[in-house]
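Remarks on the structure that follows.
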Amino acid sequence: MLDQTTNRKIDSFLQKSPNALKKLQEMATETKEFPPKQLLIYNLMRITNDVQTFDTELINYLAEDTELASLLVQKAKLGAKTGMIISAKQLKQSIKRLGYGFVHNEVQNRFARQYVGAYYKVESQTVKSLIKKSIRLAYVAKGIAKMVKHDNEAQCFCAGINFHLGEMILALRDPKSHSEINKMQRQGADKRTAELNILGFDSGELAARKLEEWLMPDHVVNVVRHNRSVVDVKAPNAKFAILMKFAEFVNDALIDKQSGPHAMWDKAYEYLGKLDVKMDIDTWSDQIRLIYIQLLETEYALYQR
C-alpha cells in the first residue's frame, strides 16, 4: 500500500496535469447514458418533501415533465390520457387528492426508473452492478434520513443514486483503466490512490463534473465529490456527508447478506453518535429490518418490465 507521503504527491502533482484534466472533462461531457433531467427531478422531490410548499411551485415544475404530470392525473382518476394537455387546475386537484407523500414517492420512483432504463440499455455488467448498487443506496439513504430525522430526504436520495456515478462513467468510457484500478486495489492500494495513480483524478471528481453539468445543488455535488473523504467536505455539509457514509455502510452490509442488524450495531452506533442520534440496539434492529423489507419490495417493483 502506498504511504501518505506518496498519496500527497500523487494528489498534488497528477491532479494538476493538463492531460488528466482534459480527460476528466471529456469523459464527463461525452457520457450520455444517464438521465439528464436530474435537477428537475431533484426539485420535484425537494418540494414534495415539504408539506408546507405552495402548490404553485410544484405545479410549475410538474408542467415541465408532461409524462409525470399525466401519470399523476391518471392516478388521481381525473381522466387524463397520455399526450393530452393537462391544466394547472387538474394538477392541483391531483395533488390534493393524492397528497404530497404519494406525489413525492412517484417522483422518487421516476428518478430511480430513469436509472433502471440505463441499467437495461448498457451492456457492461460492471456498470449494471453499479447502477443496481446506486439505486439501492438511494433508498437506503432515504430510509436512514427518515430514521435519524434528517430534514431533507430528497438530497440524500439524490446523492445516493449518484454516489457511484464517477465509477460508472469510468467503466463505460475507459474500462481498461477501470480494470487497472481494480488490480491496484487487489494489490493493497486504496481506491482513491489507485484512481489518482492511473487517471490523475478520482471518480468522485468525475461524478462531480457530471453533476455540475446537470446543474445539481452545490451541497449534493460537494458530498459526492468527496465520497471517499468526509473530512474534505465543506463544513455546512458535514452531517449530510456522514449520513451518506452511514448509508453506504448499511447498503454494503445489506448487499453482503451476512451482516444482520446486531452485527452492524457497533459501527451503526458510532455513526448515530456522529449524527447526535440516541438509539438502542432493539430500535436499531427494528428500523433496519423495515428499511430492508421496503427496499426489497421497491426493488422488485422497479425492475419489472
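Does any residue of the stretch 175-183 turn out to be of a type in the set (A, V, I, L, M, F, W, C), out of contact with any Asp or Glu (no Cβ under 8 Å at 6 or more places or on another chain) and part of a helix (DSSP H, G or I)?
No, the stretch 175-183 contains no residue that is of a type in the set (A, V, I, L, M, F, W, C), out of contact with any Asp or Glu (no Cβ under 8 Å at 6 or more places or on another chain) and part of a helix (DSSP H, G or I).
Can you pull out the residues in the stretch 213-248 that are of a type in the set (K, R) and either free of Cβ contacts under 8 Å to residues at least 24 places away in the same chain or in contact with a strand residue (DSSP E or B) (Cβ under 6 Å, 6 or more places away or on another chain) (or both)?
Within the stretch 213-248, R225, K234 meet the criteria.
Going through E33, E106, E123 one at a time, which residue ends up being modelled with pLDDT of 90 or more, touching a Leu at 6+ places or on another chain (Cβ under 9 Å) and not in a helix (DSSP H, G or I)?
E33
Would you please name the residue that is surrounded by the fewest Cβ atoms within 10 Å (Cβ to Cβ), looking only at residues in the stretch 177-224 that are over 16 Å from A20 (Cβ atoms) and charged (D, E, K, R)?
Residue satisfying both the conditions and the ranking: R186.
Any idea which of G117, G166 is of a type in the set (G, A, S), at pLDDT below 95 and closer than 26 Å to N43 by Cα?
Unique residue meeting the criteria: G117.
Could you list all residues from the stretch 121-161 that are without any contact (Cβ under 8 Å) to a residue 12 or more places away in the chain and among the small types (G, A, S)?
S129
In the list A112, A145, which residue meets the criterion of being part of a helix (DSSP H, G or I), at pLDDT 90 or above, in the same structural domain as V223 (by TED's automatic domain parsing) and closer than 30 Å to E167 by Cα?
Selected residue: A145, the only one of A112, A145 that is part of a helix (DSSP H, G or I), at pLDDT 90 or above, in the same structural domain as V223 (by TED's automatic domain parsing) and closer than 30 Å to E167 by Cα.
List, please: which pairs have Cβ atoms under 7 Å, are six or more places apart or on different chains, and start with a residue in the stretch 8-25 that is closer than 16 Å to G204 by Cα and end with one that is modelled with pLDDT under 85?
If the second residue must be modelled with pLDDT under 85, the pairs left are A20/L14.
From the list W284, W265, which residue is part of a helix (DSSP H, G or I) and either over 21 Å from G160 (Cβ atoms) or touching a Ser or Thr at 6+ places or on another chain (Cβ under 8 Å) (or both)?
Checking each option against the conditions leaves just W265.
Can you name the residue in the stretch 23-66 that is more than 24 Å from G101 (Cα to Cα) and more than 22 Å from the chain's Cα centre (by Cα) and, of all such residues, is surrounded by the fewest Cβ atoms within 10 Å (Cβ to Cβ)?
Across the stretch 23-66, the extreme among qualifying residues is E26.
The values are calculated or read from the model by the stated rules, or taken from the named source; none is laboratory data. As the structure is a prediction and not an experimental result, all values here were calculated from the model. Neighbour counts are summed over all protein chains in view; Cβ atoms, including those assigned to glycine, are modelled from backbone coordinates with ideal geometry.
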